[in-house]
Amino acid sequence: MTAEIYDVYDQGRTREDIKAMNLRDLQYLVAVAEHKNFSKAAEYCTISQPTLSNQIRKLEAYLNIQIFERDPHLLRITPVGAEIIGIAKTITDHAERIRGIARIASRTHVNKIIMGGFPTLANYVFPEYVFRLKQHFEDLKIQLIEEKTDALIQLLRERKIDVALLALPVEQEALEGLALFDDPFYVALPYDHMLADRTSIDVDELIDQPLLLLDEGHCLRSQILKLCSTKQVSDDDFRAASLETLRVMVKHGLGITLMPSVAIDEDESDIRYVPLSCHTSRTIGLFWHKSHERAKFFRSLAEIISYKPIR
């Protein structure tokens, strides 16, 4: 980044002084402020924690002020630090927009989008979404990425993918999106289970049932644990890598699980899907980096692919 950008904020310093404050340091500053932790910020910036800390200290020394109050258990931003970080974020956002404009000008990514989705959703909606988008944008090239939620958020933040399907809420200041649909949960039971003929099932009735769950890292696992309470699930319970594995386990009478409506096959005869009496669901949205130069286009994509659950 050239020195002229900083002249707006500091007319009193010489050109050589201004060069001591570069875009990379401002990116580090914003990362620490957003993660509120030096180690996490360093990991996000793909540098070592000592290097990041040293650069922040150099910046504080150069400005002759303290931006962060460091405590072994808590990181605080000083009042003047908050003001500086606000300007730094504006500068880094503008720099990203400049890169975006350049990408558009070179037409490298104009007719291509990279769309991400998490495993318990992607398999079931990607084919339909690609079909709908191709009807509206015949020449659009669509690359599909399947990752867990945390990985998708990181890829969006780093602008390595364009959009991602995520379950709300998504508490990331750098991202924005639109809700697409509500995806209700159903209790998946063997066809001969004592609860299989019920019209609805209360969550409390699942307490003594062998509940099959996905492995750590799946957002659906977290949603189910939040709904059912971790006290009802032991560490010895079976953990699957996919919903299809859970489906097979249920078919063989090895337990029950909660299944999102998009994953339900109404033609199955070995499994009964019974709604929860509390009508619990997850809300799915399409998200992108809010400084993305194609944000307006992504909003139109969200309207096109708005998906209606099968039930």
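The values are calculated or read from the model by the stated rules, or taken from the named source; none is laboratory data. On a predicted model such as this, the values are computed, not experimentally measured, just so you know. No Cβ is skipped: glycine too gets one built from the backbone with ideal geometry, and neighbour counts run over all protein chains shown.
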Subject >> Odd one out for Pro169, checked against (1) under 19 Å from Lys148 (Cβ atoms); (2) more than 24 Å from the chain's Cα centre (by Cα) >> reply: (2)
Subject >> Segments classed as helices (runs of 4 or more DSSP H), wholly inside the stretch 1-111, with at least 3 members that are surrounded by fewer than 17 Cβ atoms within 10 Å (Cβ to Cβ) and modelled with pLDDT of 70 or more >> reply: 23-35, 38-45, 49-63, 79-106
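So that you can scan it fast, the table gives a plain yes or no per residue for (1) within 30 Å of Ile142 (Cα to Cα); (2) modelled with pLDDT under 80; (3) surrounded by fewer than 19 Cβ atoms within 10 Å (Cβ to Cβ):
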{"residue": "Pro190", "(1), (2), (3)": "no, no, no"}
{"residue": "Pro210", "(1), (2), (3)": "no, no, yes"}
{"residue": "Asp237", "(1), (2), (3)": "no, yes, yes"}
{"residue": "Val262", "(1), (2), (3)": "yes, no, no"}
{"residue": "Arg282", "(1), (2), (3)": "yes, no, no"}
{"residue": "Leu301", "(1), (2), (3)": "yes, no, no"}
Original post:
Looking only at the stretch 150-203, which residues are under 17 Å from Leu286 (Cβ atoms) and among the aromatic types (Phe, Trp, Tyr)?
Top reply: Phe181
